[in-house]
Amino acid sequence: MDKSVKEITYFSKEGRMNMHETFKLAKERAVELGIDKIFIFSANGKGALEAVEICKECEIQIYAVTFPYRQKFYTNKDKEEKVQVGIVDENTRKMLKEKNVEIINGVMPFQDIIIPDAKDVKLATILNTLSLFGGGLHLCVEAIIMAFEKGFMEENEEVIACSADTAIVATGSFKRLMFSPFEGMEIKEIICKPRNLTITKEGKYKTESELE
């Protein structure tokens, strides 16, 4: 069987309800291709812990890629409530360490620098283009860039990166060179993704019945 020929799995909608199946598909493809590194983008570490359990009988190293430690996000537009991300729970960090999961904290490559009334058009264009495939794809791409720039993967090494509902096979690069024809990133495969962008384009999918 030709390993380069593979069907893509499509989920009916975006979200964490697809996480277990995403990691299962990622593990299966890693075994088929002989890939031994899976990078899980995870704000709180729970996804990485689940991935470890799914891959526990395989020779696959799981990495938890996340935001800068204790980065704050507001949960509503009025900026009344905020949460801290970057796998801040000490028990979770301890469990990840016990399971030999490396935590990669870092600045998101496509995260805009906050300047009042100013926006980085290049970064916004990259982010919005990747989001045409779903909200999880840019997280996978950013996870690979972060891992590459911190030395957790080599040039031309094929790895798998996952968000909650998207998984890809790709090679890495520095952010600065990601579009280089010589040293740039390659997305080799999309293993799975949501078919309907129910979070990214929420306004189009107001009711569950529209997905049926």
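A short reminder: the numbers here are calculations on the coordinates, not readings from a lab. Keep in mind that this is a model prediction, so the values were computed, not measured. Don't worry about glycine lacking a Cβ; one is built from the backbone with ideal geometry, like all the others, and counts go over all protein chains shown.
Taking the Cβ of residue 113 as the center, what net charge do the other residues with Cβ under 11 Å away carry, scoring Lys and Arg +1 and Asp and Glu -1? It works out to a net charge of -1. The ranking of 192, 162 by Cβ neighbour count inside 10 Å, starting from the fewest, reads 192, 162. Modelled spin-label separation between residue 180 and residue 32, with each label point placed 7 Å from Cα along the Cα-to-Cβ direction: 3.1 nm. Sorting the segments 125-132, 57-64 by their residues' average number of neighbouring beta-carbon atoms within 10 angstrom, most packed first, yields 57-64, 125-132. Fully extending the segment from residue 202 to residue 100, taken as 0.36 nm per residue of separation minus the present Cα-Cα distance, adds 33.0 nm. Packing, taken as the mean count of other beta carbons within 10 Å per residue, orders the peptides 82-94, 15-27 from highest to lowest as 15-27, 82-94.
Counted by Cβ distance under 10 Å from residue 183, the other residues give a net charge of 0, where Lys and Arg count +1 and Asp and Glu count -1. Expressed to the nearest 5 percent, the antiparallel share of DSSP beta bridges inside the chain is 50 percent.
Taking packing as the residue-averaged number of other Cβ atoms within 10 angstrom, the listed peptides 179-189, 134-144, 30-40, 95-105 run from highest to lowest as 134-144, 30-40, 95-105, 179-189.
For residue 112 and residue 132, calculate 0.36 nm times their separation in residues minus their Cα-Cα distance, and state this gained length in nm to one decimal. Before the final figure, lay out each step's value.
Values: separation 20, 0.36 × 20 = 7.20 nm, distance 1.87 nm.
Extra length from residue 112 to residue 132 when fully extended: 5.3 nm.
Between beta-carbons, use under 10 Å as the cut-off and find the net charge around residue 14, counting Lys and Arg +1, Asp and Glu -1. Could the numbers behind the result be given before it?
Working: positive: 13, 16, 193, 195, 201; negative: 165, 202.
It works out to a net charge of +3.
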